[in-house]
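Quick notes on the structure that follows.
The values are calculated or read from the model by the stated rules, or taken from the named source; none is laboratory data. As the structure is a prediction and not an experimental result, all values here were calculated from the model. All Cβ positions, glycine included, derive from the backbone under ideal geometry; neighbour counts span all protein chains shown. Quick note on the areas: whole protein, heavy atoms, side chains included, nothing else; ligands and nucleic acids left out. Shrake-Rupley method; radii C 1.70, N 1.55, O 1.52, S 1.80 Å.
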Amino acid sequence: MTVRIVVLAKQVPDPETPPSQFKIDESTNSVIPANGVPPVVNGFDLNAVEAALRLRDSGADVEITVLSVGSDFVMDAMKKPLAMGADRLVLVDDAGLDKLDASATVKVLAAVIEKDGPFDLILGGRQASDWDQGHVALGLAEVLGLPLVSLVQKLEMDGASVSLQRVIPDGYQMITAPVPSILTITNELGEPRYPNLRGIMQASRKKPEILSLGDIGLTSDDLAPRLELKRLYVPESNRQVELIKGEDEADSGKKLALRLREEKLI
Amino acid sequence: MTSVLLVAEIDDQGAISQTTLQAVTAANGLTSAEITAVVAGEATEPVTSLAVGKIVTISAIDDADIGVYDQATTDIAALVSSTKPDIVVFGKSDFGSIVGARLAFRSDSAFASDCIEISNADGTVKITRPVYGGSALAEFEISSTPAIVTLRAGAYEPDGETGSPAVEAFASNERASRTVSVTDTVSEARDGVRLEDANFVVSGGRGLGGPEPFSVLADLAQALDGAVGASRAACDAGWIDHSHQVGLTGKSVSPDVYIAIGISGASQHMAGCSSSRAIVAINKDADSNIFKEARFGVVGDWEKVLPSFLATVRELKA
């Protein structure tokens, strides 16, 4: 039996963009794309792709669909999961879909999953590196009425269920979840694999399946935000560092300790 | 008048969690009415002296529900639908993040997580939260009721106030379907003080170049009776266990002194330590971002700076 997996993925500005190049257009409350730094698939979503691929490596017959909602997709970025080994790429691509809040994103994803499903596992990254939230997978579980386990660092198919390790502050929980379930994957799972040349060649030949809002029976009126962004800005840092300079580096270390004592910090 | 429900959390020592005490301060600032706190399990000291108007108890969270919170979500959702608060406040924690999000979607309402500021002006709730890994701040207006928020640890100070709230029990009479089961919990051994509770945190990053230097950091942490932290880069490289990770997706710490060694100070890391009283940076790159965040710094090679720093600390502590 083929295990159908859908991995939720989001295109985000590269979080490795140097701070000096991170700029915001306050008139539109949006990030100005940094010159020469293309967007990427959210790193935690690649952990989720990796989790799905590891199920395949362990011998399960899996079909991996990557699903994203947005606009202005950069195909070189979005095809990375295909190059890693995913089978399909489904993009809901329409104007304004890159600005949805979590509640609207969940409505779009739920509509696609109901149309394209059923799926056995829905995997997402623990959070996205743009809005730093991680609400979408949790909300999707509520809307679809599916079991949810967050922060998964390891998963194995076990007949009609999945055995999971869920990260907690000082260790992990062992959890059994039924199929279908929604899981969020955390970076403790391990680094996503690098695509090999064969994967890149195969990905370049695959065409993404592109859907509009109309294709899934929604209009922009269905997607009113629950949270309205009023202002986005880079905070001013007013901290002034006091650099401790000794005669040499060893002396600097000594003087640093003495300075901290002077401030009654140690 | 704005009604506020505070979801309180009890930590594993039986005390009210620090994030809850901080959230009480924030919640009391949102309304002139008395607030209600909901707590899972029995209300005993110190819950009964929280600075709130009323305590509502729901069923205790059993071990099989921890981390999943099917029943806790169901109970709190039932309480919210019967009492109709305007604002629901959680401290940011594993519990708050999961239950807050599930509650918001169950009640088709708004959820803003990890807020550093919340205000209420004539019923308009505004929040500020760090985004893009802390590189930017976003201000939102919440346009649905209830407004459900979690507050970042350290965003508000506990104000030390106490109260003598009335206590009543609430039973939702609704059983959540238990399809996910927690079969075991594996705790990883920890030496010394808990990272989140430490007054001193000594953290290492990519600049350390490998796993071995963490033993020097551990010596310094021990001398200061503190704990060892690390950047995500160091954890993902396998130099130290992820349980030491400080940052947006790791632990949030607010020690008196946070010593960052070989850490560049990416905003995602600073998100976990920026509420420290003083950040001290040792880094050989004078242009690295950590020096924009630190109060004290040494530009230099940690291998040369740290031994004399450690020796002087030991002398001072002797």
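Please give the net charge around B:V180, taking every other residue with its beta carbon less than 11 angstrom from that of B:V180, where Lys and Arg add +1 and Asp and Glu add -1. Net local charge, B:V180 excluded: 0. Where only DSSP H runs of four or more residues are counted, the protein assembly as shown gives -7500 deg cm²/dmol as its mean residue ellipticity at 222 nm, each run worth -39500 (n - 2.57). Counting charges near A:G171 (Lys, Arg +1; Asp, Glu -1) among other residues having Cβ under 12 Å from its Cβ returns a value of -3.
When the inverse distances between all different Cα atoms of chain B are averaged and flipped, the Kirkwood radius reads 21.0 angstrom. Computed from label points 7 Å out along Cα-Cβ, the spacing between A:N196 and A:E228 is 5.4 nm.
Selection among A:G85, B:G96, A:F44 by position relative to the dipole of the protein assembly as shown gives A:G85 as farthest towards the positive end (Cβ unit charges, Cα centre).
Averaging the inverse of every distinct alpha carbon separation and then flipping it gives the Kirkwood radius. What is it for region B:251-318, in angstrom units?
Final number for the Kirkwood radius of region B:251-318 is 12.4 Å.
Around the Cα centre of region B:84-239, unit charges on the Cβ atoms of Lys, Arg, Asp and Glu (plus for the first two, minus for the last two) sum to a dipole of about 540 debye. B:T124 sits among other residues whose Cβ lies under 11 Å from its own Cβ, and their net charge, with Lys and Arg +1 and Asp and Glu -1, is -2. Under a model in which nothing but the beta-carbon of Lys, Arg (+1) and Asp, Glu (-1) is charged, the protein assembly as shown shows a dipole of about 860 debye around its Cα centre. In region A:1-77, what percent of the accessible surface is made up of carbon and sulfur (1.4 Å probe, ligands and nucleic acids excluded)? Whole-percent figure for carbon plus sulfur exposure: 52. Counting only lysines at least 8 places from A:K206 when in the same chain, those with an alpha carbon closer than 20 Å to its own are A:K10, A:K79, A:K80.
When the residues B:E141, B:E188, A:E50, A:E247 are ordered by accessible surface, computed with a 1.4 Å probe over the protein chains alone, the sequence from largest down reads A:E247, B:E188, B:E141, A:E50. Once the Cα atoms are used to define both axes, helix A:43-57 deviates from the longest principal axis of chain A by about 50 degrees.
Between A:P13, A:S30, A:M1, the Cα set farthest toward the positive side of the dipole of region A:1-148 (charges on each charged residue's Cβ, about the Cα centre) is that of A:M1. Shielding value for B:96-108 is 5, the average number of Cβ atoms from other chains within 10 Å of each residue's Cβ.
Extent along the principal axes, Cα only, for region A:200-257: 70, 42, 15 Å, with the longest axis given first.
Residues B:I259, A:I266 ordered from highest to lowest accessible area at a 1.4 Å probe: A:I266, B:I259.
Solvent exposure of the protein assembly as shown amounts to 43 Å² per residue of accessible area, where only protein heavy atoms count and the probe is 1.4 Å.
When the P(r) is computed for the protein assembly as shown, the part past 43 Å accounts for 20% of the Cα-Cα pairs. Of the GluC sites (Glu not before Pro) found in region A:158-240, those that fall in a DSSP loop while having at most 12 other beta-carbon atoms within 10 Å are A:E236. Determine the shape class of region A:3-223: with a ≥ b ≥ c the square roots of the Cα gyration tensor eigenvalues, call it rounded for a/c under 1.5, and otherwise prolate if a/b is greater than b/c, oblate otherwise. The shape class here is rounded. When the alpha carbon coordinates of region B:114-249 are projected onto the principal axes, the ranges are 55, 40, 35 Å, largest first. Mean partner shielding of peptide A:112-119, defined as the number of other chain Cβ atoms within 10 Å of each residue Cβ, is 0.
Rounded is the label for region B:195-317. Its Cα gyration tensor axes, ordered a ≥ b ≥ c, give a/c under 1.5.
If you keep only loop residues by DSSP, which GluC sites (Glu not before Pro) in region B:1-55 have at most 16 other Cβ atoms within 10 Å of their Cβ? Taking region B:1-55 and a limit of 16 other Cβ atoms within 10 Å, the loop GluC sites (Glu not before Pro) found are B:E34, B:E42. Tell me the carbon and sulfur percent of the accessible area for region B:44-131, rounded to whole percent, probe radius 1.4 Å. So the carbon and sulfur contribution to the accessible surface is 50 percent.
For a straight C-alpha distance cut-off of 25 angstrom, the lysines reachable from A:K254 (same-chain residues fewer than eight places away being disregarded) are A:K245, A:K264, B:K284, B:K292, B:K304, B:K317. Using Cβ point charges alone (K and R +1, D and E -1), the dipole size of chain A about the Cα centre works out to roughly 300 debye. Among the residues of B:287-300, the average count of other protein chain beta-carbon atoms within 10 Å of the residue beta-carbon is 5. Just to be sure I understand the interface: list residues from region B:134-156 that lose 30 Å² or more of accessible area between the chain on its own and the complete protein assembly, 1.4 Å probe. For region B:134-156, once contacts with the other chains are taken into account, B:S135, B:A136, B:L137, B:E139, B:F140, B:E141, B:S143 lose 30 Å² or more.
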